[in-house]
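Notes follow the structure.
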Amino acid sequence: MTQSIRFGEFWYLYFQVIRQMLKITLWFPVLIQGAIALGLAVIHNQIFSPFWGPALNSWVGLLYPEAVDAFFRYPEHYMIFPMIFSGSARVLNFLSEAFLFGIFCDMLISLYKGEKPAFMLSARRALSKYLKLTATWAVLLVILFIVSKYFYVFLEDVIGYSLHTAPRRQFLAMLLLHGVNVFIYTFFIFVIPSIMLGGESWAHEVSRGIKTSIKHPIAAFCMITIPYSIAAIPSLPLFNTRKIIEVFNPELVYQILLVAIGINIIANFVLIGTSVKFFMDKSE
């Protein structure tokens, strides 16, 4: 059975999280994740480097063999840059994101329990649950990957024509895909906090997190939609990189991506901060 949450109670979560932003140590996990994404973007822009160039050639050939030639041509490099970066980010996210988010969750749990958050202590706790965190995150990432891979094919079959010939409809389809991804993520938003709080078993921790989302679907959906919709705004032009290259300059694609990474750091802080506090309140 779903349960409602008062409007004032929901927005008070954000007030509490904004106050926690003043605590510098709490930023460490999301800043590290942001630094990983930033480093990945910088490396992917080093196609003419004698060291990174050959490595990128092998890596891109593994992920997107059909895109290797275009990735090493200018300005085509920037036309497909977001796609290649996104694919590489998924791999790194599988290895590091759940672990770092687990550290952040544990630091917040300590804070909300009245204890002093400590990065290294939380890192040890998250490391002890690394397999649980990573396996859970892998399920989410695989689902999102499958949806993103086949969504446009499915949609084109339904509407009966190619979206490549209709830019406006392609943009609407992109927004629809974003909504579908948020809907899927809604079921996982409380799973990492649940794992870090502990339970009888991994299955119990995962099911407890999912059940909380089912009981509070609107709150869970809004908790994801608000920060990530704001974070998605600077990324919107990246869905039409050809236009950016033709009207402005190719390097602008790279610069927009860097801005999006920075805003995503804040979005992750807000999302995890609100989800941990909400889950702790509702699981008491």
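Each value in this text was obtained by applying a stated rule to the coordinates, not by laboratory testing. Predicted model only: the values in this text are computed from it and were never measured. Here Cβ is always computed from backbone atoms with ideal geometry, including for glycine, and neighbour counts include all displayed protein chains.
Between TYR112 and ILE18, the contour length at 0.36 nm per residue exceeds the Cα-Cα span by 32.4 nm.
Could you give the distance between the Cα centres of the stretch 127-148 and the stretch 205-219, to the whole Å? Taking the Cα centre of the stretch 205-219 as reference, the centre of the stretch 127-148 is 17 Å away.
In order along the stretch 139-149, the Karplus-derived 3J(HN,Hα) couplings, from 6.51 cos²θ - 1.76 cosθ + 1.60 at θ = phi - 60°, round to 4, 4, 5, 5, 4, 5, 5, 5, 4, 5, 6 Hz, and Gly and Pro are given as x. Note: relative contact order over the stretch 203-262, using C-alpha pairs below 8 Å and six or more positions apart, is 28 percent. Using bins of 10 Å that start at zero, the share of Cα-Cα pairs per bin across the stretch 189-250 amounts to 20, 29, 21, 16, 13, 2, in whole %. Ordering 144-151, 29-36 by mean Cβ neighbour count within 10 Å, with the highest value first, yields 29-36, 144-151.
The modelled label-to-label distance between GLN46 and VAL139, using points 7 Å beyond Cα along the C-beta direction, is 3.7 nm.
Other residues within the sphere of radius under 13 Å centred on the Cβ of LEU63, judged by their own Cβ, net out at +1 (K and R +1, D and E -1).
LYS211 sits among other residues whose Cβ lies under 12 Å from its own Cβ, and their net charge, with Lys and Arg +1 and Asp and Glu -1, is +2. The stretch 71-135: percent of C-alpha pairs farther apart than 21 Å? Pairs farther apart than 21 Å: 44 percent. Projected label points at PHE94 and TRP11, each 7 Å from Cα along the beta carbon direction, are separated by 4.2 nanometres. Here LEU31 and ILE146 are evaluated by their C-beta separation; at R0 = 22 Å the FRET efficiency comes out at 0.10. Helix content alone sets the calculated 222 nm mean residue ellipticity of the chain: runs of n ≥ 4 DSSP H residues at -39500 (n - 2.57) each, divided across all residues, give -25500 deg cm²/dmol. For the stretch 1-117, the relative contact order is 29 percent, taking Cα pairs closer than 8 Å that sit 6 or more residues apart in sequence and dividing their mean separation by the residue count. Protection proxy ranking of 45-55, 219-229, by the mean of other Cβ atoms within 10 Å over each peptide's residues and highest first, is 219-229, 45-55.
Modelled spin-label separation between LEU172 and TYR130, with each label point placed 7 Å from Cα along the Cα-to-Cβ direction: 4.7 nm. Computed on the stretch 7-282, with alpha-carbon pairs under 8 angstrom and 6+ residues apart, the relative contact order is 26 percent.
Binning all Cα-Cα separations of the stretch 7-282 at 5 Å, short to long from zero, yields these whole-percent fractions: 1, 5, 11, 15, 18, 16, 13, 10, 7, 4, 1, 0. Built from the Cα atoms of the stretch 1-94, the convex hull projects on average onto 10.3 nm², one quarter of its surface area. Structure remark: mean-square fluctuation, Gaussian network model of the chain, C-alpha springs under 10 Å; the largest value among PHE72, PHE269, PHE99 belongs to PHE72. Using the Cβ of TYR78 as centre and a radius below 14 Å, the other residues enclosed give a net charge of 0, where K and R count +1 and D and E count -1.
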